[in-house]
Amino acid sequence: MNNEHSNITILKEIAELLNDETEMVPMLKGALSKFLNGTKFDTGWIFFIDGKGKPDLIVKQNLPDALAFNECQHLKRGGCWCVSRYRTNKLDKASNIIECQRIEAAIEADVGDNNNITHHATVTLQSGQERFGLLNVASRNTVRFSEEDLDLLESVAFQMGSAIKRIYLTNEQQEIALVQERNRLARDLHDSVNQLLFSVTLTARAGIEMSEQVEIKETFKDIQQLTQEALTEMRALIWQLRPRGLESGLIEAIKIYAEMLGLQLSVNVSGVIQFPSRIEETLFRITQEALNNIRRHAGVKSAQLYVTVTATDVLLVVKDKGRGFYMEAHNEIPSLGLQSIKDRANAVGGTADWVSEIGKGTELLIRLPY
């Protein structure tokens, strides 16, 4: 009875923590820590598993040295019964794992004390029919956990799954609000500043036609040219706020944007372009910035785009044969545009690199996992 009361107490404490936290990883880490401290389980780790069945170790707590060695390399690599069962949708309740290849590999490698951790239990993290990953726990000198232990594990996993879903929904709502705000700003810019610039262009054109003095005509021509450039910049800014055309596909949207900038863009695609929305928008934003840099700085009117899609990532290459630039290895990134590209790539776990030579153009290389 005391043990049951203790379990109810720990579940209530975990529920309170999960409800209060708004960030995913700290939430799960705190809940796992509280669960381990309040039960006889000694260590635990959580995998998120994507739609392709690829596991990602996002939280670990109290790992023995053998499992923590080299940034948990043995937990992150190799085969795994629980992940395999998860992929085939056959892990429908908390279960004892008779053999864990990852733990066995860590013990065989003899890279640290395993604290007598040889087996673990596992349970799916889910909310309704939506699955997110696995919660694994283990104890010293324990090969098999009792039904009571597994029931408690299932209760905690249910709480975690509900909290994960809540945060996902909150993030989606925030993203919707952000998109709505972008659309509002884009409409405001189009309806006010964009129209004013267009009016100035028409006024300058009328001034050219009405003036007889050469100096005044040249002044109006300069005004018209500067205003036309400002219009192009404004339309590009509106596109950055609201990327119309993505509904027709990434490549089509990029082509439309390049045409709007007055650039001839040759496109070469290898593989099937089908990414999560966040990756698709990141690719679009990066390509936007790259094309803007070409228009402003390269001194050319053409560029090449290469997109190569593999089973795990996408490689985006944007090339031009323009002015190029020189940057020593220890120098800072030469422009805000390139810094923005690097930041966007890093934000989704990708990389951004470039090579450039004076008079021979620039090549931007982006690699994003998906």
| task | Sort out for me the strands (runs of 3 or more DSSP E) sitting completely within segment 7-124 that have 1 or more residues that are without any contact (Cβ under 8 Å) to a residue 60 or more places away in the chain. | result | 55-61, 95-97
| message | Give me the residue from segment 292-308 that is polar (S, T, N, Q), open to solvent by 20 Å² or more (accessible area, probe 1.4 Å) and under 27 Å from the mean Cα position of the chain (by Cα) and, out of that set, modelled with the lowest pLDDT. | response | Asn293
| query | Is segment 211-228 home to any residue that is among the charged types (D, E, K, R), at pLDDT below 85 and not in a helix (DSSP H, G or I)? | reply | yes
| Within segment 352-370, can you find the residues that are of a type in the set (Lys, Arg) and either part of a strand (DSSP E or B) or touching a residue at least 40 places away in the same chain (Cβ under 8 Å) (or both)? | Arg367
| Within segment 261-291, how many residues turn out to be more than 18 Å from the chain's Cα centre (by Cα), open to solvent by 50 Å² or more (accessible area, probe 1.4 Å) and over 14 Å from Val318 (Cα atoms)? | 2
| task | Considering only segment 82-105, state which residues are open to solvent by 100 Å² or more (accessible area, probe 1.4 Å) and either more than 28 Å from the chain's Cα centre (by Cα) or among the basic types (Lys, Arg) (or both). | result | Arg87, Lys90, Asp92, Lys93, Ile98, Glu99, Gln101
| request: Restrict the check to segment 137-149 and report whether at least one residue is touching a residue at least 12 places away in the same chain (Cβ under 8 Å), in contact with a helix residue (DSSP H, G or I) (Cβ under 7 Å, 6 or more places away or on another chain), assigned to a strand (DSSP E or B) and at negative phi. | output: yes
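The values are calculated or read from the model by the stated rules, or taken from the named source; none is laboratory data. As the structure is a prediction and not an experimental result, all values here were calculated from the model. Positions of Cβ are backbone-derived with ideal geometry, glycine not excepted, and every protein chain shown enters the neighbour counts. Only protein heavy atoms, including side chains, enter the accessible area calculation; ligands, DNA and RNA are left aside. Shrake-Rupley method; radii C 1.70, N 1.55, O 1.52, S 1.80 Å.
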